[in-house]
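Student: Structure below; questions to follow.
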Amino acid sequence: QAADSKREQFRQYLEKSGVLDMLTKVLVALYEEPEKPDSALDFLKHHLGASAPENPEIEALRLEVAEMKEKYEAVLEENKKLKTKVKIY
């Protein structure tokens, strides 16, 4: 009974943390794959790594990088216009 209790606690832990749902989704994707990959394990590794929940800090940094790229492009454009004005004078 102790082993069954531990198993049930572990199952609940996996369910609560979303592991069972994620594994089920990846296994369904593998099942529905028309051309089965040579390595099912590589398929699982790839899909579990690619679909893991995004770390909030990483997402914040991605947004910051996107904003900085926009600002950079705007500064480049402004610089180009100013260079043109300087050439005229």
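Student: Conditions first: (1) open to solvent by 100 Å² or more (accessible area, probe 1.4 Å); (2) within 17 Å of the chain's Cα centre (by Cα). Glu64 passes all but one, so which condition is the exception?
Tutor: (1)
Student: Can you find, within the stretch 1-26, the residue that is nearest to Phe43 (Cα to Cα) among those that are surrounded by 10 or more Cβ atoms within 10 Å (Cβ to Cβ) and acidic (Asp, Glu)?
Tutor: Checked the stretch 1-26; the qualifying residue nearest to Phe43 (Cα to Cα) is Asp21.
Student: Does the stretch 39-47 include one or more residues that are more than 30 Å from Leu23 (Cα to Cα), at pLDDT 90 or above and in a helix (DSSP H, G or I)? Spell out the reasoning first.
Tutor: So the first thing to find is which residues in the stretch 39-47 are more than 30 Å from Leu23 (Cα to Cα), and the list is none.
Scanning the stretch 39-47 turns up no residue that is more than 30 Å from Leu23 (Cα to Cα), at pLDDT 90 or above and in a helix (DSSP H, G or I).
Student: If you check Glu77, Glu35, Glu70, which single one turns out to be part of a helix (DSSP H, G or I) and open to solvent by 100 Å² or more (accessible area, probe 1.4 Å)?
Tutor: Glu70
The values are calculated or read from the model by the stated rules, or taken from the named source; none is laboratory data. Here the structure is a predicted model, which is why all the values come from computation and not from measurement. Positions of Cβ are generated from backbone atoms using ideal geometry, with glycine treated the same way; all protein chains shown enter the neighbour counts. Side chains are part of the model used for accessible areas, which takes the heavy atoms of the whole protein and leaves out ligands, DNA and RNA. Shrake-Rupley method; radii C 1.70, N 1.55, O 1.52, S 1.80 Å.
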